[in-house]
Amino acid sequence: GYFYSRWRKCIWSSHDLSDIVFIDNYIFNKDVFIQFNSTVGKYVGYTKHGVYNAELRNNNTGILQSERSQVDICKQNADVYQQTITDKS
């Protein structure tokens with residue numbers, strides 16, 4: 001059989017969220033074949049199929065703009081989580 005998944009992550013370690021990173025992984029049979037990383041600002045392909053798709057997505061300004069804006073949504077959500085955690089400690 002085949003296994004496909006997509007993992008979208010917001011990662012940060014600072015209290016002021018200055019180091020927040022948004023990562024969007026596309027995974028086939030447990031291997032990442034394409035990834036968007038907000039620190040890179042574009043898609044990167046890790047297989048022949050992934051490189052092809054990364055090129056298509058990087059040439060589509062609408063898709064890139066949408067992915068780049070996800071870091072702002074990460075910050076909004078992370079801010080809520082951060083406040084909830086620090087209020088409880």
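The values are calculated or read from the model by the stated rules, or taken from the named source; none is laboratory data. Here the structure is a predicted model, which means the values were calculated and not measured. Using ideal geometry, Cβ is built from the backbone for each residue, glycine included, and neighbour counts are taken over all protein chains shown. Each accessible area value is taken on the protein alone, full model and side chains, heavy atoms only, with ligands, DNA and RNA left out. Shrake-Rupley method; radii C 1.70, N 1.55, O 1.52, S 1.80 Å.
Go through Phe28, Phe3, Phe36 for me and flag whichever is over 14 Å from the mean Cα position of the chain (by Cα) and surrounded by 14 or more Cβ atoms within 10 Å (Cβ to Cβ).
Working: Phe3 fails: surrounded by 14 or more Cβ atoms within 10 Å (Cβ to Cβ); Phe36 fails: over 14 Å from the mean Cα position of the chain (by Cα).
Of Phe28, Phe3, Phe36, the one residue that is over 14 Å from the mean Cα position of the chain (by Cα) and surrounded by 14 or more Cβ atoms within 10 Å (Cβ to Cβ) is Phe28.
Give the range 21-52 a look and list any residue that's of a type in the set (Phe, Trp, Tyr) and more than 20 Å from Gln65 (Cβ to Cβ), or say none.
Across the range 21-52, the qualifying residues are Phe28, Phe33, Tyr46, Tyr52.
So Gly45 passes all but one of these: (1) open to solvent by less than 60 Å² (accessible area, probe 1.4 Å); (2) within 30 Å of Ile85 (Cα to Cα); (3) modelled with pLDDT of 95 or more. Which condition number does it fail?
Result: Gly45 fails condition (2) only.
Can you find, within the range 53-89, the residue that is surrounded by the most Cβ atoms within 10 Å (Cβ to Cβ) among those that are touching a Phe, Trp or Tyr at 6+ places or on another chain (Cβ under 6 Å) and within 24 Å of Trp12 (Cα to Cα)?
If we take residues in the range 53-89 being touching a Phe, Trp or Tyr at 6+ places or on another chain (Cβ under 6 Å) and within 24 Å of Trp12 (Cα to Cα), then Cys74 is surrounded by the most Cβ atoms within 10 Å (Cβ to Cβ).
Out of the residues in the range 53-89 meeting the condition of being hydrophobic (A, V, I, L, M, F, W, C) and touching a strand residue (DSSP E or B) at 6+ places or on another chain (Cβ under 7 Å), tell me which one is farthest from Phe33 (Cα to Cα).
Within the range 53-89, the first condition is being hydrophobic (A, V, I, L, M, F, W, C), and the residues that meet it are 54, 56, 63-64, 71, 73-74, 78, 80, 85.
From the residues that got through so far, the ones that are touching a strand residue (DSSP E or B) at 6+ places or on another chain (Cβ under 7 Å) too are 54, 64, 71, 74, 78.
Values: Ala54: 9, Leu64: 17, Val71: 21, Cys74: 23, Ala78: 27 Å.
Checked the range 53-89; the qualifying residue farthest from Phe33 (Cα to Cα) is Ala78.
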